[in-house]
Each structure stands twice: as structure tokens, then as C-alpha cells.
1. Multiplying the sequence separation of T210 and M364 by 0.36 nm and subtracting their Cα-Cα distance, what value in nm do you get?
2. Go through 211-219, 282-290 and give me the packing order, highest mean Cβ count within 10 Å leading.
3. Quick one: putting +1 on the C-beta of Lys and Arg, -1 on the C-beta of Asp and Glu, what dipole do you get for segment 2-444 around its Cα centre, in Debye to the nearest 20?
4. Write down the Kirkwood hydrodynamic radius of segment 264-375, to one decimal in angstroms, obtained as one divided by the mean of 1/r over all alpha carbon pairs.
5. Cα to Cα, under 28 Å, and not fewer than 8 places away if on the same chain: which lysines meet these conditions relative to K199?
6. How much accessible area per residue does segment 2-444 have, counting only protein heavy atoms and a probe of 1.4 Å, in square angstrom?
7. How large a share of the accessible area of the chain, in percent, is made up of carbon and sulfur atoms when the probe is 1.4 Å and the other protein chains stay in place?
8. Return the loop-located GluC sites (Glu not before Pro) in segment 57-128 (DSSP other than H, G, I, E, B) with at most 12 other Cβ atoms within 10 Å of their own Cβ; answer none if there are none.
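The values are calculated or read from the model by the stated rules, or taken from the named source; none is laboratory data. Model, not experiment: these values are computed from the prediction. Here the Cβ positions follow ideal geometry from the backbone for every residue, glycine too, while neighbour counts run over all protein chains shown. Heads up: the accessible areas ignore ligands, DNA and RNA and are worked out on the full protein's heavy atoms, side chains in. Shrake-Rupley method; radii C 1.70, N 1.55, O 1.52, S 1.80 Å.
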Amino acid sequence: MSNQRDSFHSRIGFVLAAAGSAIGLGNIWGFPTQAANNGGGAFLVVYLLVTLLLALPALYAEIYLGNQAQSNPVSALERACKERLPRVGRYAGIIGLVGAMMMLSFYTIVAGWMLSHALSALTELFGFVDISNWLSTSSTLRNIIFTPIFIILGALIIHQGVHAGIEKWSARLMPVLLLMLFGLIVYILQQEGASEGLKLYLIPDFTQITEPKLIISAMGQAFFSLSIGVGGMMVYGSYMKKDKDIGKLVLSIAALDTFIAFMAGLLIIPALFVAQHAGQQVFVDNKLIGEGQLIFKVLPSLFQSMGNIGLIVSFGFFSLLSIAALTSTISSTEVPVSYLVEDKKMSRSKATWLVSAIVLMASMTLVAFFDALFGLVIMVLTTIMQPLMCLFYFIVIGWIWQRGNKLNIKAQTENNKWLTLFANYLRYVCPILLIVVFINIVFLA
Ligand code: PHE
């Protein structure tokens with residue numbers, strides 16, 4: 001067997017795959033829901049700040065760690081900590097791996113909703129109204145059917161070796177998703193009630209900006225949206241040739257991801273108000289009703305208002321979301337798969353099916369105890385595990401790896417003042433900022 005690792009063939013290949021990982025349900029479902037729940041504009045401002053100050057550096061740190069190590073996240077962290085705390089590095093890698101599985105356990109459920117809504121539009125188009133109604137109504141049975149379908153779809157792609165297919169699909173379909181978002185925004189803004197949503201979203205209420213709960217939610221959302229803290233970006237970084245100019249790549253990934261989230265807000269938040277204007281109950285005490293499932297009622301009624309073409313738009317929209325979810329799922333699945341293949345010498349195919357089987361069990365447990373577990377798993381992952389992992393990355397790069405000199409040495413040899421500044425920012429400012437947020441979380445709990 002050859003020891004050659006699979007890799008991306010170009011910088012653009014890497015950027016597309018990483019953007020494919022970042023752009024997903026987090027942007028189009030998570031971000032607008034969170035923003036609507038947390039004061040709209042205030043959430044947007046804090047989200048942008050947190051992305052710039054913490055998530056972007058964390059994304060850099062994660063990709064840099066993987067890129068230097070050229071190996072799966074567990075070995076990568078173990079090696080980076082080898083002089084001082086090799087065990088700790090390994091355990092941290094495994095915690096990341098558990099995080100990736102947690103992400104998959106709820107993400108595949110939501111992705112299943114997207115699939116069933118796409119099919120619902122299609123069946124209605126062909127006149128099967130009853131089936132279509134069933135497909136668009138949430139139920140445990142629907143979860144039991146569509147979650148596994150989504151997991152199997154993902155596994156089929158991953159086990160073939162992802163890159164060529166996924167890279168090409170992302171390149172072709174991302175622009176279509178963007179165009180569709182544009183078109184829908186133009187449409188929704190002409191509907192009655194939309195301007196109220198626009199106001200909530202774009203005019204921040206500055207009194208809410210220092211609200212600790214809002215800051216924590218925005219941070220969790222930013223880390224989730226950029227896919228950091230579970231090793232997915234690390235493993236992609238490891239598939240890129242060593243020592244590329246990572247900074248620019250990281251900036252473009254973050255800019256793309258943030259732009260799509262912003263656009264999704266521009267669609268969904270006004271859509272919520274249009275629905276409210278039409279008599280649907282949307283908020284109770286300033287909170288969205290129904291655990292984030294509401295947009296699955298609001299969006300289809302928006303499509304319906306378009307007349308016949310609405311069904312085609314609905315089919316297209318939910319299919320594209322399913323694909324966006326697939327490219328995100330793949331990066332998370334790659335974390336345990338790469339570990340099993342490289343460290344446990346398992347075949348890629350076997351590793352993929354094993355991981356998928358575990359994810360299936362986990363997601364079915366969530367389906368069975370939906371009310372108790374679904375929101376809890378999301379909360380624990382995004383507001384505790386992902387930020388903790390990021391704190392660990394900062395400490396590894398700033399203090400442990402070659403005694404914290406790794407990035408500084410790179411900056412000095414390249415004589416790069418910006419990088420020196422950034423290295424110090426990672427070393428001192430980022431951990432302090434994160435710790436301050438954690439203290440808040442502890443006091444809130
Ligand atoms: N970033 C993805 C999204 O916004 C979700 C994700 C999280 C993917 C963690 C991989 C790892 O939908």
C-alpha cells in the first residue's frame with residue numbers, strides 16, 4: 001500500500017472544499033434563527049465582531065495546525081504538543097473527534113428535513129398532494145426515514161474518496177445557491193411586512209449589544225458557521241501542500257461564509273415578518289416559536305405565494321440546501337475517518353461505514369428523545385466544546401508548540417511584520433478574550 005496521502009490539487013480546490021464545509025445549514029438555518037431570536041441587528045453586529053476578533057484567528061490556527069502536521073487531527077495535535085504535553089494533545093484531538101460526531105448527530109436530522117421538503121415540492125408538482133403534505137409536516141417517522149437517507153448519501157460520496165466530485169459540485173452549485181438567494185430576497189422585500197423585518201435586522205438596538213447571552217450565542221454561531229473546533233478544517237488543511245500562504249485563504253473562506261449568512265438573514269428575517277403580517281404566529285415574547293423549525297413553515301408558505309413557479313423554486317432551494325449540508329457533513333465525517341485510516345490502519349471504505357453507523361445510532365437517539373436532547377446537544381457543542389477547542393488551539397500555537405515560537409519563527413524568517421503582530425495577537429489577546437467569555441458562561445449557568 002502506498003503511503004501517499006490524498007490531497008487537494010490546487011489552492012482553489014482547498015478554498016472550495018473549505019467554503020463548502022463552512023457554508024451550510026449553519027448559515028441559512030442557524031444564523032437567521034439565532035439573529036431573529038436575539039434582537040436582529042444587535043446579533044448581527046456582535047456576530048461580525050466575534051468573527052473578526054476570534055473566529056477568524058481560530059480558523060487560521062486550526063488550518064495552520066493541520067497544514068503543518070500533514071496528518072489527521074488527533075496526530076496533528078499530539079505532535080504539536082509533543083515536547084510538553086503529548087497526551088493532552090492526543091486527548092484534545094479525540095475530544096474534537098467526539099465534537100465532530102455530535103455535530104453529525106443533529107446536523108443529519110436537519111439535513112433530512114431539507115431533503116423531505118425538496119421532495120415535498122416535487123411530489124406536489126406531480127399532483128401527489130397527500131404525500132407532499134406528509135413530507136412537509138415534521139414527524140418522528142419522517143426523521144426516522146430521512147436522517148438515514150441523508151447519512152447514506154454522504155457515506156456513498158465519502159467512501160469513494162471525496163475530492164474530485166465534491167470540489168466540482170461545490171464550484172457549480174454555490175453560484176446557483178447565491179443567485180437563488182438574491183432572487184428570493186428581491187421577491188420577499190416587495191411583500192407586505194418585509195420592511196419591519198429589515199428594520200429589525202439592519203438597525204441594531206445598541207442597548208442589547210452587551211447582553212452576555214447574546215455574545216455567547218453569537219460566538220457559538222460564528223464558530224459553528226466557520227466549522228472550527230471539531231477538526232474538520234484541520235483535516236482539510238492537512239490535505240493542502242505545506243506552507244502555502246494560509247492567511248489569504250482563511251480570509252476568503254471567512255468572507256464567503258459571512259456574506260452568505262448575512263444574505264440568508266436578509267431573506268429569512270423579512271420572510272418571518274411577512275408571515276406574521278399574513279396572520280401566522282411567529283414570535284412569543286420576542287422568541288421564535290418551535291425550536292428553529294418555524295422557517296420550514298414560513299419558507300414553504302412564501303414559495304406558495306409565488307404561484308405555480310413557487311414549487312419549482314421550493315424544490316431548487318431545498319435541494320441546494322441539501323447539497324450545502326452534504327459538503328459540510330463530509331468535512332466532519334472526514335475527521336474520524338482520517339483518524340481510523342491513518343492511525344488504526346482501517347480501509348477508507350470500512351472506516352466510512354463504521355463512522356456512519358455510529359452517527360446513525362447517535363442521531364436516532366436524538367430523534368427518540370428529541371425535546372430533551374436536540375437543543376441541548378447543539379448548545380453544548382457550539383457554546384462549550386467548540387470554543388474550548390479553539391482556546392486549546394490558541395494555547396498550543398501561542399505557548400506549547402516549539403514553546404510558542406512556531407509562528408513567531410515563521411514570521412521572522414519571512415520578515416513579515418503583520419504575521420509577527422498576528423502571532424502575538426493569537427498568543428495573548430485571543431485566549432484572554434475567550435476566557436472572559438467563558439467566565440460569563442459560568443456566571444450565566
Ligand atoms: N459550518 C457548517 C455550517 O455552517 C457546519 C459545520 C460545523 C461543518 C462543524 C463542519 C464542522 O453549516
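1. Details: separation 154, 0.36 × 154 = 55.44 nm, distance 3.80 nm.
Full-extension gain reported as 51.6 nm.
2. Averaged packing, sorted descending, gives the order 211-219, 282-290.
3. Details: 27 positive and 21 negative charges, 320 e Å.
With only Lys, Arg, Asp and Glu charged at Cβ, the dipole is about 1540 debye.
4. Working: mean 1/r = 0.0581 Å⁻¹.
This gives a value of 17.2 Å.
5. Filter leaves K213, K287, K297.
6. On the way: 18720 Å² over 443 residues.
Here the residues of segment 2-444 average 42 Å² of exposed surface.
7. Details: 12690 of 19060 Å².
C and S atoms contribute 67 percent here.
8. E83
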